[in-house]
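Here is the structure we will look at, set down as structure tokens.
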Amino acid sequence: MADLLEIQQLLYRYCYAHDSRNEEMLRSCFAENAELLGAKGRDNIVATFMNGYKQLTSRRRHVLTNSFLLQDGEDEAVVQSYITLYLIEGEQLSLHLIGVYRDHVIKEDGEWKILGREAEMDVPYTPGDVKPGDVKPVTGAAAKS
């Protein structure tokens with residue numbers, strides 16, 4: 001049986017690493033052969049994140065709630081969570097999007113790691129803090145944050 005608490009800690013660590021743009025912590029969250037954001041492999045995924053941060057001006061807070069196991073195994077699992085994303089500009093806070101994450105996780109070298117993710121946003125996703133026209137909204141299962 002998968003350890004939900006350890007997996008939740010992994011996902012919360014991912015959110016913190018993503019929001020704080022902590023490259024090493026972010027790298028520690030992914031399996032070596034992970035696929036996410038159209039990138040394959042941990043290093044390529046992290047490079048995609050780090051490159052994307054250069055275009056963003058707002059601080060972000062990814063919040064995961066209502067996590068539960070959809071598939072349970074000794075060394076692999078799928079956990080579903082609600083994702084809520086807030087943007088912070090100066091002293092202004094705004095709700096940016098909500099949706100569902102289905103994270104595919106595996107145990108690698110004794111630790112849970114993200115292997116991949118399905119994301120369904122309830123509203124169209126755009127980064128929110130880049131010039132209009134630079135980024136096209138992404139909807140449905142293809143949406144990622």
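Each value in this text was obtained by applying a stated rule to the coordinates, not by laboratory testing. As the structure is a prediction and not an experimental result, all values here were calculated from the model. Here Cβ is always computed from backbone atoms with ideal geometry, including for glycine, and neighbour counts include all displayed protein chains.
Kindly rank 17-25, 78-86 from highest to lowest mean number of other beta carbons found within 10 Å of each residue.
For the peptides 17-25, 78-86, the packing ranking is 78-86, 17-25.
Quick check on the chain: helices-only [θ] at 222 nm, where DSSP H runs of length 4 and up contribute -39,500 (n - 2.57) each and the sum goes over total residues. Nearest 500, please. All intermediate terms of the calculation are to be shown ahead of the outcome.
Values: 3 runs with 34 residues, N = 145.
Here the helix-only value at 222 nm equals -7000 deg cm²/dmol.
Give the peptides 27-36, 101-110 in descending order of average Cβ contacts within 10 Å, highest first.
Working: 27-36: 19.0, 101-110: 17.4.
Going by the mean number of other Cβ atoms within 10 Å, highest first, we get 27-36, 101-110.
Taking Cα pairs under 8 Å and at least six residues apart, what relative contact order does the chain come out at, in percent? Provide the component values of the computation, followed by the final result.
Values: 284 pairs, mean separation 28.1, N = 145.
In percent, rounded to a whole number, it is 19.
What dipole magnitude, in Debye to the nearest 20, does the stretch 20-62 give about its Cα centre under +1 on Lys/Arg Cβ and -1 on Asp/Glu Cβ?
Details: 8 positive and 5 negative charges, 65 e Å.
Result for the stretch 20-62 is approximately 320 debye, rounded to the nearest 20.
When Cα extents along the principal axes in Å is calculated directly from the model, which label among (1) 111, 40, 26; (2) 40, 32, 24; (3) 45, 28, 27 fits?
Checking each listed value against the structure points to (3).
Quick one: how many lysine pairs does the chain have with C-alpha atoms less than 25 Å apart and a gap of 8 or more or different chains? Give me the count, please.
12
For the stretch 41-71, which trypsin sites (Lys or Arg not before Pro) are in a loop by DSSP, counting at most 16 other Cβ atoms within 10 Å?
K54
Size of the dipole of the chain about the Cα centre, Lys and Arg at +1 and Asp and Glu at -1 on the beta carbon, nothing else charged, in debye to 20?
Dipole about the Cα centre, nearest 20: 660 debye.
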